[in-house]
Amino acid sequence: MTAFTKASAAAFVVLAAVLLAPTAAATSACADLGGAVDPSGTCRIHESTDGYRIDIAYPTGYPDEAPLAEYVDQSRDDFVDWIHEIDAPALKELDMIPHTYRSDSTESVVLTIGTNTGVRPVTTFRSFTYDVDRHTPITIDTLFRPDADPLTVLNPIVQRELTARDAMRKELTLDDYRTFALTDDTVTFFFPQGDLLPHVDGPLEVTVPRTELDSLLA
């Protein structure tokens, strides 16, 4: 083998190690949660006993996977602990379904969380958004410029949605908007079941064109 060939082979090994490391890490994190990564890169976790059933999925390719995996782990543990504290015959269920949203510089994962305790199912949400250019998470506290007042724009939009659905108006705080997803064209906010609409009407999603928020975004 020539020196050039040896150097090329060594470079290939290094490159392969770099490319495979995230995949190996993601697989390890998923395995630690008792799941397995499918060919699409989704970690799938399934648990089933006589008392409960858990089905959770999340994308291992999300650029800030650790907080996402930690949330999944904690939520599952809290659910199982709660099941053990109550005495009810109905099967308890926890489902988490991921939805990914992307813009040129961000990636969002929204978990749609379904909990059924035998009385009535409840749907809630949890979102994670990451700035891939700045390598930092984006939360509702950092989504807007420090000097901006986003509620003056957001609240009237949500109130119109509530009025259109014959729901009671509610004055929202910034924390009510904490679950969101970004694309190049929109910002979508997710509100849990029973929060803004009657429980029978399910959860609420409000999509706002970015053109209405661009002057406020950080």
Checklist entry - Given 10 Å bins starting at zero, what is the percent of C-alpha pairs of the chain in each, up to the one with the largest pair distance? => result 7, 27, 29, 22, 10, 4, 2, 0
Checklist entry - What angle, in degrees between 0 and 90 and rounded to the nearest 10, separates the Cα long axis of helix 3-32 from the longest principal axis of the Cα atoms of the chain? => result 30 degrees
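Which net charge results when you count Lys and Arg as +1 and Asp and Glu as -1 among the other residues whose beta-carbon is under 15 Å from that of Glu171?
Values: positive: Arg160, Arg169, Lys170; negative: Asp149, Glu161, Asp175, Asp176, Asp195.
Neighbour charge sum, excluding Glu171 itself: -2.
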Item to check | Amide proton proximity set for Val187, modelled H, under 5 Å, gap of 5+ | outcome: Val208, Arg210
Checklist entry - How many angstrom lie between the C-alpha centres of the stretch 64-131 and the stretch 166-199? => result 17 Å
Checklist entry - For the chain, what relative contact order do you get, as a whole percent, if you take Cα pairs closer than 8 Å and at least 6 residues apart? => result 13 percent
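Computed from the coordinates by the stated procedures, all read-outs in this text should not be read as laboratory data. This structure is a prediction, so every number in the text was calculated from the model and none was measured. Every residue, glycine as well, gets a Cβ built from its backbone with ideal geometry; the counts of neighbours run over all protein chains shown.
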